[in-house]
1. Run Val158 past the list (1) within 26 Å of Gln340 (Cα to Cα); (2) in contact with a Phe, Trp or Tyr (Cβ under 8 Å, 6 or more places away or on another chain) and report the number of the one that doesn't hold.
2. Could you name every one of the strands (runs of 3 or more DSSP E) located completely within region 151-230 that has at least 1 residues being within 27 Å of Leu258 (Cβ to Cβ) and open to solvent by less than 20 Å² (accessible area, probe 1.4 Å)?
3. Being closer than 22 Å to His288 by Cβ and over 18 Å from the mean Cα position of the chain (by Cα) narrows it down to one residue among His57, His13; which is it?
4. Which is assigned to a loop (DSSP other than H, G, I, E, B), within 23 Å of Tyr263 (Cβ to Cβ), under 25 Å from the mean Cα position of the chain (by Cα) and within 16 Å of the ligand (Cβ to nearest atom), of Val291, Val287?
5. Out of the residues in region 300-315 meeting the condition of being within 16 Å of the chain's Cα centre (by Cα) and more than 24 Å from Leu250 (Cα to Cα), tell me which one is surrounded by the most Cβ atoms within 10 Å (Cβ to Cβ).
6. Please find, among Arg334, Arg297, the residue that is charged (D, E, K, R) and either at pLDDT below 95 or surrounded by 17 or more Cβ atoms within 10 Å (Cβ to Cβ) (or both).
7. Picking from Leu243, Leu235, Leu247, which residue would you name as being away from the ligand (no atom under 16 Å from the Cβ), within 26 Å of Gln32 (Cβ to Cβ) and either within 20 Å of the chain's Cα centre (by Cα) or among the basic types (Lys, Arg) (or both)?
8. Take region 47-92 and flag every residue that is open to solvent by less than 10 Å² (accessible area, probe 1.4 Å) and over 23 Å from Ile116 (Cα atoms).
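The values are calculated or read from the model by the stated rules, or taken from the named source; none is laboratory data. The shown structure was predicted, so the numbers you read here are calculated from the model rather than taken from an experiment. Cβ coordinates were reconstructed from backbone atoms using ideal geometry, including for glycine residues, and neighbour counts include every protein chain displayed. Side chains are part of the model used for accessible areas, which takes the heavy atoms of the whole protein and leaves out ligands, DNA and RNA. Shrake-Rupley method; radii C 1.70, N 1.55, O 1.52, S 1.80 Å.
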Amino acid sequence: METTFRLPFNSLHGQHDSLEVEMMKLVKEVYQSNWFILGERLQKFEKEFAAYSSVNHCVGVGNGLDALKISLKTIGIKKGDEILVPAHTYIATWLAVTELGATPIPIEPEQNGFNIDTLLLEEKITSNTKAILPVHLYGYPCKMDQLMAVANKHGLFVVEDNAQAVGAKYKNKMTGSFGHINATSFYPTKNLGAFGDAGAICTQDQTLAHKARLFRNYGSAVKYENDLEGYNSRLDELQAAVLSLKLGYLERWNKERLSLAQYYSTQLSGLEDILTPTYSSEVLPAVHLYVIRTKKREQLIQKLNNASIQTSIHYPIPPYAQKAYAHLGIDINRFPLANQLAKECLSLPLYPGLTNAEQDQVIEVINSR
Ligand SMILES: *Cc1c(COP(=O)(O)O)cnc(C)c1O
């Protein structure tokens, strides 16, 4: 489907090709076990992922959106509640909020970054505010100290959307371990990707973990006894087996992603009209996307495409400007920074297996404008 480009925007070959024999062995094992849902492979992965994430509990679910939704449901979010969310994010963050009947309150991004501006949180808090839902966008951690301080001061829950940042650290602490209950996605192209849909909830709190576990399985802990009005959203045995194997390589892949990002940034620094991503020395990013900003985006995309290099945009239309949310009646002009990001962001190819020589092709086109 995307083979028309000499250099695709993304490729999973670098991760998967060398794992094929091991992977097929796992698939066969799951096949022969004849046990596909809520089995020992999920229990094993949940233990491993909790340990990796420095949390006490991990609950595997069907996908990242469900992980967010069940996290919010678990802390009791309901109609009328207000949740502070980034204005600039993937729509899934907002969909989890609105599906529960709660109201997303958009917060502008930082001046020179992509993440939620923690200095703007406090002025948006009302008596209806229940939680803050930060997103570690593109794999770069939010300013969690400031964010947790605001949450603690006002008695708010924090639910991290860690879908793009598995393996990232803020002040030496894993993202996805700060909030009361946190969600992540194992969508195939995420830093840790399954062979289909999958997601997880992480928390330090045993009571919240237990409740989330009920919600993902029809509200039931004992077969045919339903304590809560639950969902059907489980991480299946095949995905759990795949994720266990891939988790062993995640640190290596994340290191590679970071070094590829650093190579781009070094080579593209100082170019007129190109802003490369910056981050403070207190964070270790788990680079998910390498996103530059340029006022001449269309022109640059065309040039790269002409050189058979594929790019992508994350994200061209902010959630508040989507047709799906016309009914929220949000005044788009209130978010100049998020609007600007939607116009200027451009994602360049970055994935384990990409070579510096391939990056040079991209860099050369950008340099030769
Ligand atoms: C991918 C993603 C999600 C949703 O994950 P799915 O597994 O696709 O449901 C949520 N939030 C963010 C920021 C994401 O990037």
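1. Of (1) within 26 Å of Gln340 (Cα to Cα); (2) in contact with a Phe, Trp or Tyr (Cβ under 8 Å, 6 or more places away or on another chain), only one is false for Val158: (1).
2. The qualifying strands (runs of 3 or more DSSP E) are 182-185, 199-203.
3. Details: His57 fails: closer than 22 Å to His288 by Cβ.
It is His13.
4. Numbers: Val291 fails: assigned to a loop (DSSP other than H, G, I, E, B).
It is Val287.
5. Pass one, region 300-315, residues within 16 Å of the chain's Cα centre (by Cα): 313-315.
Then drop every residue that is not more than 24 Å from Leu250 (Cα to Cα), which leaves 313, 315.
On the way: Ile313: 15, Tyr315: 18.
Top of the filtered list is Tyr315.
6. Arg297
7. Numbers: Leu243 fails: away from the ligand (no atom under 16 Å from the Cβ); Leu235 fails: away from the ligand (no atom under 16 Å from the Cβ).
Exactly one of Leu243, Leu235, Leu247 is away from the ligand (no atom under 16 Å from the Cβ), within 26 Å of Gln32 (Cβ to Cβ) and either within 20 Å of the chain's Cα centre (by Cα) or among the basic types (Lys, Arg) (or both), namely Leu247.
8. Across region 47-92, the qualifying residues are Phe49, Ala50, Cys58, Val59, Gly60, Val61, Thr74.
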